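Trainee: I have a structure I would like to understand better, so I am pasting it below and will then ask my questions one at a time.
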Amino acid sequence: MKKKRTGNKDIVEVDGIGLIRLKRSRRARNMNLTVKPFSGVGVTIPSGVSLKQVEQFVVSKTDWIAKHLAQARQLEKRRLHAASVIEETDAGKARKFLVQKLMTLAEQHGFKVGNVSVRKQKTRWGSCSVNNNISLNINLIHLPQQLMTYVILHELLHTRLKNHGRQFWRELDDLVGDARMLRSRLNEYSYLLLKI
């Protein structure tokens, strides 16, 4: 393992893995691995741990690191693709379509809605205020229909139930089928959220 110093962090090179950032922490109790698309592999190290111990730890996690690096690279490819797709989106048409879809679903299921807005949101697919104003993420337009419908009905249901309790999930299941499965599938499209 070769070591270089850059600022307050060490960078080591481990055969078969590549460069790894080391960060010493007085608060850390155990060594902790992170894998990020841009910054690569990092290890947070508790005080008193030697480089030899770090190397053994990293080498023991080679398969885990390889798997998560591949996932991070795949996610980054999706995000770059999403960025180009999002750039080409006709915002006016997308807004009109999403508002119309929400109003149609509200009418079909007897929901009363306040104002509806469609915006670029960085972390959410949608939200519902205490006044039943609903905000939708414009990138819902890029989801499969089933997931788009799930998100809209999720927010519409919040006009009646302002929490995520058991009753909320039971009623959402009645509307969309297996709501928790759909929520899980929605995670596969998190790259469409505008974190770029």
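The values are calculated or read from the model by the stated rules, or taken from the named source; none is laboratory data. Because the structure is a prediction, the values reported are computed rather than measured. Neighbour counts are summed over all protein chains in view; Cβ atoms, including those assigned to glycine, are modelled from backbone coordinates with ideal geometry.
Trainee: So which residues in segment 39-55 are in a loop (DSSP other than H, G, I, E, B) and in contact (Cβ under 8 Å) with a residue 12 or more places away in the chain, if there are any at all?
Mentor: The answer is Ser39, Ser47, Val49.
Trainee: Name, by its number, the condition in (1) in a helix (DSSP H, G or I); (2) in contact with a Leu (Cβ under 9 Å, 6 or more places away or on another chain) that does not hold for Ser127.
Mentor: (1)
Trainee: Given the conditions (1) farther than 30 Å from Gly16 by Cβ; (2) without any contact (Cβ under 8 Å) to a residue 40 or more places away in the chain; (3) under 19 Å from the mean Cα position of the chain (by Cα), which single one is not true for Leu69?
Mentor: (1)
Trainee: Just need a number here: residues in segment 35-55 that are out of contact with any helix residue (DSSP H, G or I) (no Cβ under 9 Å at 6 or more places or on another chain) and not acidic (Asp, Glu). Let's see the steps before the verdict.
Mentor: Step one: filter segment 35-55 for residues out of contact with any helix residue (DSSP H, G or I) (no Cβ under 9 Å at 6 or more places or on another chain), giving 39, 42, 44, 46-48, 50-55.
The next check asks that each one be not acidic (Asp, Glu); those that pass are 39, 42, 44, 46-48, 50-54.
The qualifying residues number 11.
Trainee: Test of understanding: among Arg166, Arg180, which residue is closer than 21 Å to Val130 by Cα and surrounded by fewer than 20 Cβ atoms within 10 Å (Cβ to Cβ)? If you could, list the steps in order and put the result at the bottom.
Mentor: Values: Arg180 fails: closer than 21 Å to Val130 by Cα.
The unique qualifying residue is Arg166.
Trainee: Here's another thing I want to ask about it. Please identify the pairs in which a residue from segment 135-163 that is assigned by TED's automatic domain parsing to the domain that holds Gln108 and closer than 15 Å to Arg183 by Cα has its Cβ atom under 7 Å from the Cβ atom of a residue that is at pLDDT below 95 and crowded, with 22+ Cβ neighbours inside 10 Å, counting only partners at least 6 apart or on another chain.
Mentor: What qualifies is Met148/Leu140; Val151/Leu140.
Trainee: Sort out which residues of segment 85-124 are hydroxyl-bearing (Ser, Thr, Tyr) and either within 15 Å of Leu157 (Cβ to Cβ) or part of a helix (DSSP H, G or I) (or both), and write them in order of number.
Mentor: Thr104
Trainee: How many residues does segment 15-33 contain that are loosely packed, with under 15 Cβ neighbours inside 10 Å and of a type outside the set (Gly, Ala, Ser)?
Mentor: The qualifying residues number 8.
Trainee: Being outside any helix (DSSP H, G or I), of a type in the set (Gly, Ala, Ser) and either touching a His at 6+ places or on another chain (Cβ under 7 Å) or more than 15 Å from Arg95 (Cβ to Cβ) (or both), is that true of even one residue in segment 150-173?
Mentor: From segment 150-173, those outside any helix (DSSP H, G or I) are 158-165; that's our starting set.
Then drop every residue that is not of a type in the set (Gly, Ala, Ser), which leaves 165.
Still in the running and either touching a His at 6+ places or on another chain (Cβ under 7 Å) or more than 15 Å from Arg95 (Cβ to Cβ) (or both): 165.
Scanning segment 150-173, I find at least one residue that is outside any helix (DSSP H, G or I), of a type in the set (Gly, Ala, Ser) and either touching a His at 6+ places or on another chain (Cβ under 7 Å) or more than 15 Å from Arg95 (Cβ to Cβ) (or both), so the answer is yes.
Trainee: Being more than 13 Å from Val59 (Cα to Cα) and either in contact with a Ser or Thr (Cβ under 8 Å, 6 or more places away or on another chain) or modelled with pLDDT of 65 or more (or both) is the filter here; which residues of segment 1-30 pass it?
Mentor: Of the residues in segment 1-30, the ones more than 13 Å from Val59 (Cα to Cα) are 2-11, 21-30.
Asp10, Ile11, Arg21, Leu22, Lys23, Arg24, Ser25, Arg26, Arg27, Ala28, Arg29, Asn30 - these are the residues of segment 1-30 that are more than 13 Å from Val59 (Cα to Cα) and either in contact with a Ser or Thr (Cβ under 8 Å, 6 or more places away or on another chain) or modelled with pLDDT of 65 or more (or both).
Trainee: Then there's this: How many residues are hydrophobic (A, V, I, L, M, F, W, C) and either over 25 Å from Arg73 (Cα atoms) or not assigned by TED's automatic domain parsing to the domain that holds Leu75 (or both) when one looks only at segment 11-44? Working first, answer last.
Mentor: Here is the first cut: in segment 11-44, the residues hydrophobic (A, V, I, L, M, F, W, C) are 11-12, 14, 17, 19-20, 22, 28, 31, 33, 35, 38, 41, 43.
If we keep only those that are either over 25 Å from Arg73 (Cα atoms) or not assigned by TED's automatic domain parsing to the domain that holds Leu75 (or both) as well, we get 28.
So the answer is 1.
Trainee: Continuing with the same structure: Taking only segment 177-188 into account, find how many residues are under 14 Å from Trp125 (Cβ atoms) and either without any contact (Cβ under 8 Å) to a residue 40 or more places away in the chain or not assigned by TED's automatic domain parsing to the domain that holds Gln100 (or both).
Mentor: As a first pass, look at segment 177-188 and keep what is under 14 Å from Trp125 (Cβ atoms): 179, 182-188.
The next check asks that each one be either without any contact (Cβ under 8 Å) to a residue 40 or more places away in the chain or not assigned by TED's automatic domain parsing to the domain that holds Gln100 (or both); those that pass are 179, 182-185, 187-188.
Residues that pass the stated criteria total 7.
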